[in-house]
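K.L.:
Below: one structure in structure tokens.
The values are calculated or read from the model by the stated rules, or taken from the named source; none is laboratory data. Worth saying up front: this structure is predicted, and the values here are computed from it rather than measured. Reconstructed Cβ throughout: ideal geometry from the backbone, glycine too, with neighbour counts over all protein chains shown.
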Amino acid sequence: MTSDRSTAATARAVRPPQFFEFSGELLAAHAAGTLSPGWTFSGEHSWIYRAQNFVVDITWLDKGQAEERISGPEEHALLVVDDVAVSVASGDEAAATLSGPVLAIVPPGPTHIECTRPGFIVRVYSCRDERIASRAHNDAAYVNPNPSVAPLPSEPTRPMSAGIRAYAMDDIPRDPDRFGRIFRTETLMINWFEPQIGPRSTDHLTPHSHDDFEQASVTMVGEFVHHVRRPWSERLSDWRSDEHVQVNSPSVTIIPPGNIHTTRAVGPGAHQLIDIFAPPRRDFIDRGWVLNQADYETLPTLSERTPS
């Protein structure tokens, strides 16, 4: 019998997933009738978590609340969820009104957001935006970068059109041959899945792993279980038990390369899941699944062809 020492070394290098859930505080505030106006998470309106290449910022906005944010040097994504509405202006452009569910690609530079219907928004940034990355609650986890994660492209190509570009989720027709509703920026890729009613079938799960990028799974509605398996090495001391972690929404889960994982909705009612990657995935582009790919020239992308 032979052992693959390269595989063993890789297995030992696999980092554990990170699970972040803040619905306990959210549910308590909702039950107390204090969600709006003025409600905050532990004294702040935003929960910010990061992966090695990107940052996820989930923010509660009250009606009339305004925020100024200077992003850069690259585009960021803004997701306005169901029943929420905001007015967004980038630079000197006129403000655009976004009524969720809608995904917008926002140019670098100053952005002004004003809420007209309260609720959550999700913003996703490249980690080159150091001001927002340094505010992440889990920033310490990335003091030592994971060598398994492919870097962002050194010189990303700008999109072929300028300004804020918004995509209403309700306008996207269902297509059984397309995987989710996938959009990209110059450095990010986001799959905003169609809402699922009721639990996911346990007969049709899709356990898989990624070789060279992290995945963030953001849940905005419903309960989910993340099933994660760390690969075995030749050393028993490296082995870890499988994880089956149930999360309530909103939540953020970061899954590093090498972890075998799948996610299922559990319980009745609606479920809303959003997956995030960086850089953009070449396999999704090649399959024609990226709905705004025409806005971009060919960019360096992830070459892996593993299903999500």
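K.L.:
Select, from Ser126, Ser87, the only residue that is surrounded by fewer than 20 Cβ atoms within 10 Å (Cβ to Cβ) and not charged (D, E, K, R).
P.N.:
Every option except Ser87 fails the conditions.
K.L.:
Also, quick follow-up: Which residues, taken from the stretch 210-239, are hydroxyl-bearing (Ser, Thr, Tyr), closer than 24 Å to Pro145 by Cα and touching a Ser or Thr at 6+ places or on another chain (Cβ under 7 Å)?
P.N.:
Within the stretch 210-239, just Ser217 meets the criteria.
K.L.:
Could you please let me know if Val81 is under 17 Å from Ala168 (Cα atoms) and under 19 Å from the mean Cα position of the chain (by Cα)?
P.N.:
yes
K.L.:
Is it true that some residue in the stretch 199-214 is touching an Asp or Glu at 6+ places or on another chain (Cβ under 9 Å) and closer than 30 Å to Ala94 by Cβ?
P.N.:
No, every residue in the stretch 199-214 fails to be touching an Asp or Glu at 6+ places or on another chain (Cβ under 9 Å) and closer than 30 Å to Ala94 by Cβ.
K.L.:
Hey, among Glu223, Glu194, which residue is out of contact with any Pro (no Cβ under 7 Å at 6 or more places or on another chain), acidic (Asp, Glu) and under 14 Å from Ile274 (Cβ atoms)?
P.N.:
On inspection, the qualifying residue turns out to be Glu194.
Condition check ((1) at pLDDT below 85; (2) closer than 26 Å to Asn248 by Cα) across all residues:
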{"position": "Thr7", "(1), (2)": "yes, no"}
{"position": "Gln18", "(1), (2)": "no, yes"}
{"position": "Gly33", "(1), (2)": "yes, yes"}
{"position": "Gly72", "(1), (2)": "yes, no"}
{"position": "Leu79", "(1), (2)": "no, yes"}
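K.L.:
Among the residues of the stretch 190-213, write down those that are in a strand (DSSP E or B), out of contact with any helix residue (DSSP H, G or I) (no Cβ under 7 Å at 6 or more places or on another chain) and more than 20 Å from Ile260 (Cβ to Cβ).
P.N.:
Answer for the stretch 190-213, where residues must be in a strand (DSSP E or B), out of contact with any helix residue (DSSP H, G or I) (no Cβ under 7 Å at 6 or more places or on another chain) and more than 20 Å from Ile260 (Cβ to Cβ): Ile190, Gln196, Ile197.
K.L.:
Right, another one. Looking only at the stretch 270-284, which residues are over 15 Å from the mean Cα position of the chain (by Cα) and either crowded, with 21+ Cβ neighbours inside 10 Å or at pLDDT below 95 (or both)?
P.N.:
His271, Arg282, Asp283, Phe284
K.L.:
Just one of the numbered conditions (1) more than 20 Å from the chain's Cα centre (by Cα); (2) in a loop (DSSP other than H, G, I, E, B); (3) at pLDDT 80 or above is not true of Gln52; which one?
P.N.:
Result: Gln52 fails condition (1) only.
K.L.:
If you scan the stretch 35-49, which residues turn out to be of a type in the set (A, V, I, L, M, F, W, C) and modelled with pLDDT of 90 or more?
P.N.:
Selection gives Ile48 alone.
K.L.:
Given the structure, is Ile254 more than 16 Å from Thr202 (Cβ to Cβ) and either surrounded by fewer than 14 Cβ atoms within 10 Å (Cβ to Cβ) or in contact with a helix residue (DSSP H, G or I) (Cβ under 9 Å, 6 or more places away or on another chain) (or both)?
P.N.:
yes
K.L.:
What strands (runs of 3 or more DSSP E) lie completely within the stretch 74-151 and have 1 or more residues being of a type in the set (Gly, Ala, Ser), closer than 30 Å to Pro17 by Cα and touching a residue at least 40 places away in the same chain (Cβ under 8 Å)?
P.N.:
It comes to 76-80, 102-106, 119-126.
K.L.:
Okay, next question. Which condition from (1) within 19 Å of Ile276 (Cβ to Cβ); (2) at pLDDT below 95 is the one that Gly109 breaks?
P.N.:
Of everything listed in (1) within 19 Å of Ile276 (Cβ to Cβ); (2) at pLDDT below 95, Gly109 misses just condition (1).
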